[in-house]
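Comments concern the structure below.
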Protein chains: 2
Amino acid sequence: MKYTITHTDGAARRGRLELPHGVVDTPHFMPVGTVASVKGIAPDDLHAMGAQIILGNTYHLMLRPGPEVVTEMGGLGSFMSWDRNVLTDSGGFQVYSLAHQRKITEEGAVFRSHIDGSKQELTPERAVQIQTQLGSDILMAFDECPPSQADRAYHEESMARTTRWEKRCKEEWLRQAGPGSLFGIVQGGLHQDLRARHAAEIAELDLPGTALGGFSVGEEPALMWEGVQHAAPLLPAHKPRYLMGVGTPEDLLRCAMAGIDIFDCVFPTRVARNGLLFTRQGRLQIKAARYARDPRPADDKCTCYTCRTFTRAYLRHLLAAQELLAFRLNSIHNLAFYLDLMTGLREAIEQGTARSYVTGMLDSFAAGE
Amino acid sequence: MKYTITHTDGAARRGRLELPHGVVDTPHFMPVGTVASVKGIAPDDLHAMGAQIILGNTYHLMLRPGPEVVTEMGGLGSFMSWDRNVLTDSGGFQVYSLAHQRKITEEGAVFRSHIDGSKQELTPERAVQIQTQLGSDILMAFDECPPSQADRAYHEESMARTTRWEKRCKEEWLRQAGPGSLFGIVQGGLHQDLRARHAAEIAELDLPGTALGGFSVGEEPALMWEGVQHAAPLLPAHKPRYLMGVGTPEDLLRCAMAGIDIFDCVFPTRVARNGLLFTRQGRLQIKAARYARDPRPADDKCTCYTCRTFTRAYLRHLLAAQELLAFRLNSIHNLAFYLDLMTGLREAIEQGTARSYVTGMLDSFAAGE
């Protein structure tokens with residue numbers, strides 16, 4: 001892995017991340033392919049929208065189809081016929097949010113599958129082993145993401161354990177010696193001193209990249225932006241910075257301005273399936289009756305397949321009829337919108353106009369139609 | 001509309017049907033786009049698989065989004081961004097199979113919408129008016145399709161009324177004077193003398209094409225094949241013959257050999273969503289555990305996007321996880337399989353080898369893997 005920052009504009013960075021399956025231009029948004037599929041989206045759709053890396057979920061894939069099957073089929077990319085890069089999370093987040101009867105000890109997490117109730121275990125070592133089996137280009141360290149209501153004492157205890165876990169992850173990753181790069185994760189919630197302490201501990205591990213975890217877990221957006229603005233500069237400057245599980249178009253713009261390079265979030269695809277479309281003129285609830293005879297595309301500046309081909313009237317009809325095609329077309333548009341937003345931001349950073357690009361976009365979103 | 005039979009081989013015919021939105025090469029299979037969408041499939045998928053005409057359902061479209069919206073958006077093809085031909089049924093079949101509290105009188109059918117319970121009416125005149133509003137290239141006459149358990153007396157009464165209805169359809173179609181062609185429908189169940197009588201009555205109307213209705217409504221396949229074999233030659237030889245709502249790959253081959261030119265059926269897409277895939281080596285229940293690590297495409301002779309891109313192992317995983325992409329990929333394959341089957345048959349008819357093509361395919365299906 002090689003990371004080159006080609007331009008900066010304030011705290012924002014324009015970079016080139018060279019990974020085993022090609023270059024990722026940063027800032028970049030990663031579509032989420034939870035169970036070896038970006039919901040409703042095929043690899044050629046991802047190519048058309050310019051995605052250079054997608055995210056896979058270790059928790060889901062370890063349960064179904066299982067890491068051995070994925071390995072046998074040539075790794076996650078080959079299995080799903082995606083020839084560019086894949087980042088996998090460590091599975092930790094889903095253990096806390098999805099699994100049943102979870103128990104956390106120094107060793108790791110024991111839990112029951114939300115699918116069939118089977119007993120499962122994830123340790124730092126196992127999380128790295130599975131991600132190696134999946135053939136990930138970027139592996140994430142196994143951490144704990146404390147719930148948003150956790151008190152300061154719990155954060156301190158959890159952070160210290162997470163640091164010990166990430167050390168074990170690094171050892172296992174060195175032992176595996178695969179082609180993928182391991183990223184560390186910094187926790188600490190909204191406590192700025194804890195974030196600073198944890199950032200220093202994780203920087204100490206000298207891993208190829210760093211992520212911020214534990215943001216966008218229920219706090220107000222303004223608090224999250226403030227937290228990221230404080231935490232991003234604490235991460236090693238010459239390494240890629242990844243903000244996990246964030247967020248809205250506004251979040252991406254603000255946090256990229258704070259120096260974040262990579263994002264992922266289920267938000268654009270999840271809301272697409274409910275008919276919420278992002279446009280340069282703000283959000284569109286496509287099921288509203290006012291679009292029933294609207295001959296315009298969702299966003300007339302968008303060049304995605306959906307906007308090139310279909311009217312709002314048709315998208316509204318498909319959603320009203322709960323047709324399968326609605327989920328795909330809306331998802332294509334929202335993902336293309338996110339990726340285009342990052343393309344525009346990269347160009348603006350190159351030209352030193354990032355601040356006016358972001359202000360212009362935020363104003364345009366807020367102005368509505 | 002112009003129909004030219006370029007080759008015959010036994011009772012089988014190879015034709016060119018010239019319609020307002022291009023040529024349809026017959027025998028041809030029409031994918032079913034019930035609610036202005038072939039479930040899970042986009043227009044570029046339909047292009048890629050070589051579809052020249054699709055079917056839309058008048059009953060569904062009159063309820064949602066309503067014919068006025070479709071007209072305002074430029075007709076059904078324009079609404080769904082499909083630039084080739086569209087055939088619409090008359091709505092009759094769904095009135096009998098889906099609607100609530102239906103009442104049939106000489107005037108037509110009164111019923112309640114299965115979506116919102118609203119009171120609706122379909123008469124021969126209204127069915128033609130709606131199909132004209134939808135901008136159909138082929139309109140179907142409004143008929144009654146008696147239930148499979150109906151007795152002979154009911155068939156006779158219903159047939160006579162259907163003939164009167166089809167006359168009224170013709171009058172309304174002439175009054176509308178749109179670019180679409182009206183096809184008559186021959187009923188009569190499995191009673192050969194009734195089929196013959198009704199075929200003569202409908203031929204009398206001298207409409208541009210003729211359909212066989214009331215087959216594949218619960219009878220054994222062999223009885224259906226026998227019925228079609230008897231009835232097809234009773235239809236005007238120089239006009240296109242359409243067998244409504246049929247069927248399996250076997251049905252298509254056998255009935256095309258009996259002289260049928262056009263087919264439609266929800267079967268290939270409906271079963272695709274449950275993981276049944278057709279191949280030249282028979283049927284594949286893709287969710288079977290034996291495919292979990294199968295690196296082969298669904299059908300190694302198929303050139304569809306699904307078979308060019310994905311393994312059985314991946315298709316099995318997608319279906320097991322009930323991922324949206326499963327429904328699309330399986331539907332693309334099954335529709336491509338149907339359309340390819342007809343392409344192969346057209347070439348065989350041109351070469352005078354239709355019988356050996358059909359026998360070879362049927363043997364290959366039956367031999368299994």
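Quick test of your reading of the structure: B:Gln120 fulfils all but one of (1) surrounded by 14 or more Cβ atoms within 10 Å (Cβ to Cβ); (2) of a type outside the set (Lys, Arg); (3) modelled with pLDDT of 95 or more. Name the failing condition by number.
(3)
For the range A:50-98, which residues satisfy the criterion of being basic (Lys, Arg) and touching a strand residue (DSSP E or B) at 6+ places or on another chain (Cβ under 8 Å)?
A:Arg84
Listed here are the residues, each with its yes/no results for (1) among the hydrophobic types (A, V, I, L, M, F, W, C); (2) within 20 Å of B:Leu207 (Cβ to Cβ).
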position	(1), (2)
B:Thr88	no, yes
B:Gln94	no, no
B:His114	no, no
B:Leu122	yes, yes
B:Thr132	no, yes
B:Ser136	no, yes
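Determine which member of the set B:Ala36, B:Ala51 is under 23 Å from B:Phe183 (Cα atoms), buried (at least 22 other Cβ atoms within 10 Å of the Cβ) and within 13 Å of another protein chain (Cβ to nearest Cβ).
Exactly one of B:Ala36, B:Ala51 is under 23 Å from B:Phe183 (Cα atoms), buried (at least 22 other Cβ atoms within 10 Å of the Cβ) and within 13 Å of another protein chain (Cβ to nearest Cβ), namely B:Ala36.
Being touching a residue at least 24 places away in the same chain (Cβ under 8 Å) and within 11 Å of chain A (Cβ to nearest Cβ) is the filter; apply it to the range B:297-314 and report the residue that is surrounded by the most Cβ atoms within 10 Å (Cβ to Cβ).
Of everything passing the filter in the range B:297-314, B:Thr306 is surrounded by the most Cβ atoms within 10 Å (Cβ to Cβ).
Only one of (1) surrounded by fewer than 22 Cβ atoms within 10 Å (Cβ to Cβ); (2) without any contact (Cβ under 8 Å) to a residue 24 or more places away in the chain; (3) within 12 Å of another protein chain (Cβ to nearest Cβ) fails for A:Ala292. Which number is that?
(2)
Could you identify the single residue in B:Thr58, B:Thr4 that is modelled with pLDDT of 95 or more and more than 18 Å from B:Val128 (Cα to Cα)?
One residue alone meets the criteria, B:Thr4.
If you check B:Leu315 against the conditions, is it of a type outside the set (Val, Ile, Thr) and under 24 Å from the mean Cα position of the chain (by Cα)?
For B:Leu315, the condition - of a type outside the set (Val, Ile, Thr) and under 24 Å from the mean Cα position of the chain (by Cα) - is not met.
Test of understanding: among A:Thr353, A:Thr343, which residue is more than 14 Å from every other protein chain (Cβ to nearest Cβ), over 23 Å from the mean Cα position of the chain (by Cα) and within 30 Å of A:His238 (Cα to Cα)?
Details: A:Thr343 fails: over 23 Å from the mean Cα position of the chain (by Cα).
Step by step, each of A:Thr353, A:Thr343 is checked, and only A:Thr353 is more than 14 Å from every other protein chain (Cβ to nearest Cβ), over 23 Å from the mean Cα position of the chain (by Cα) and within 30 Å of A:His238 (Cα to Cα).
Between B:Leu223, B:Leu253, B:Leu207, B:Leu194, which is touching a residue at least 60 places away in the same chain (Cβ under 8 Å) and either outside the structural domain of B:Arg152 (by TED's automatic domain parsing) or part of a helix (DSSP H, G or I) (or both)?
After applying the criteria, what remains is B:Leu253.
I'd like the full set of residues that are among the basic types (Lys, Arg) and closer than 19 Å to B:Leu324 by Cβ, limited to the range A:310-361.
Answer for the range A:310-361, where residues must be among the basic types (Lys, Arg) and closer than 19 Å to B:Leu324 by Cβ: just A:Arg328.
Among the residues of the range B:275-289, count how many are among the polar types (S, T, N, Q) and in contact (Cβ under 8 Å) with a residue 24 or more places away in the chain.
2
Any chance you could count how many residues in the range A:76-87 are more than 9 Å from chain B (Cβ to nearest Cβ) and buried (at least 20 other Cβ atoms within 10 Å of the Cβ)?
The qualifying residues number 6.
Check B:Asn274 against each of (1) surrounded by fewer than 22 Cβ atoms within 10 Å (Cβ to Cβ); (2) within 14 Å of another protein chain (Cβ to nearest Cβ); (3) closer than 30 Å to B:Gly188 by Cα and name the one condition it does not meet.
Going through (1) surrounded by fewer than 22 Cβ atoms within 10 Å (Cβ to Cβ); (2) within 14 Å of another protein chain (Cβ to nearest Cβ); (3) closer than 30 Å to B:Gly188 by Cα one by one, B:Asn274 breaks only (3).
Are any of the residues in the range A:105-115 under 16 Å from the mean Cα position of the chain (by Cα) and either under 25 Å from A:Pro240 (Cα atoms) or among the small types (Gly, Ala, Ser) (or both)?
For the range A:105-115, residues under 16 Å from the mean Cα position of the chain (by Cα) and either under 25 Å from A:Pro240 (Cα atoms) or among the small types (Gly, Ala, Ser) (or both): absent.
Here are some residues: A:Ser136, A:Ser216. Which one is surrounded by fewer than 24 Cβ atoms within 10 Å (Cβ to Cβ), of a type in the set (Ser, Thr, Tyr), touching a residue at least 24 places away in the same chain (Cβ under 8 Å) and not in a strand (DSSP E or B)?
Only one candidate passes the filter, namely A:Ser216.
Determine if the range B:114-121 includes at least one residue that is away from chain A (no Cβ under 14 Å) and either under 29 Å from B:Leu341 (Cα atoms) or among the aromatic types (Phe, Trp, Tyr) (or both).
Here is the first cut: in the range B:114-121, the residues away from chain A (no Cβ under 14 Å) are B:117-121.
Still in the list and also either under 29 Å from B:Leu341 (Cα atoms) or among the aromatic types (Phe, Trp, Tyr) (or both): none.
No: the range B:114-121 contains no residue that is away from chain A (no Cβ under 14 Å) and either under 29 Å from B:Leu341 (Cα atoms) or among the aromatic types (Phe, Trp, Tyr) (or both).
Over 17 Å from the mean Cα position of the chain (by Cα), surrounded by fewer than 23 Cβ atoms within 10 Å (Cβ to Cβ), without any contact (Cβ under 8 Å) to a residue 60 or more places away in the chain and away from chain B (no Cβ under 13 Å): is that true of A:Arg126 in this structure? Break it down into steps so the answer makes sense when it comes.
Details: over 17 Å from the mean Cα position of the chain (by Cα): yes; surrounded by fewer than 23 Cβ atoms within 10 Å (Cβ to Cβ): yes; without any contact (Cβ under 8 Å) to a residue 60 or more places away in the chain: yes; away from chain B (no Cβ under 13 Å): yes.
Considered against the rule, which asks whether it is over 17 Å from the mean Cα position of the chain (by Cα), surrounded by fewer than 23 Cβ atoms within 10 Å (Cβ to Cβ), without any contact (Cβ under 8 Å) to a residue 60 or more places away in the chain and away from chain B (no Cβ under 13 Å), A:Arg126 comes out as yes.
Mind counting the residues in the range A:15-33 that are in contact with a helix residue (DSSP H, G or I) (Cβ under 6 Å, 6 or more places away or on another chain) and either within 14 Å of chain B (Cβ to nearest Cβ) or under 12 Å from A:Leu335 (Cα atoms) (or both)?
3
So which of A:Pro147, A:Pro67 is away from chain B (no Cβ under 14 Å) and either touching a residue at least 24 places away in the same chain (Cβ under 8 Å) or crowded, with 24+ Cβ neighbours inside 10 Å (or both)? Let's see the steps before the verdict.
Working: A:Pro67 fails: away from chain B (no Cβ under 14 Å).
A:Pro147 is the lone residue from the list that is away from chain B (no Cβ under 14 Å) and either touching a residue at least 24 places away in the same chain (Cβ under 8 Å) or crowded, with 24+ Cβ neighbours inside 10 Å (or both).
Only residues that are acidic (Asp, Glu) and facing chain B (nearest Cβ under 9 Å): list them for the range A:315-340, please.
A:Glu323
Determine whether B:Thr269 is in contact with a Gly (Cβ under 8 Å, 6 or more places away or on another chain) and within 14 Å of chain A (Cβ to nearest Cβ).
Judged against the criteria, B:Thr269 is a match.
Which pairs turn up if I take residues in the range A:1-13 that are more than 24 Å from A:Asn85 (Cα to Cα) and look for partners that are in a loop (DSSP other than H, G, I, E, B) and modelled with pLDDT of 95 or more with beta carbon separation below 8 Å, at least 6 apart in sequence or on another chain?
Note: pairs meeting the criteria are A:Asp9/A:Gly352; A:Asp9/A:Thr353; A:Ala11/A:Ala258; A:Ala11/A:Gly259.
The values are calculated or read from the model by the stated rules, or taken from the named source; none is laboratory data. Small disclaimer: the values here were computed from a predicted structure and weren't measured. All Cβ positions, even for glycine, are placed from backbone atoms using ideal geometry, and neighbour counts span all protein chains on display.
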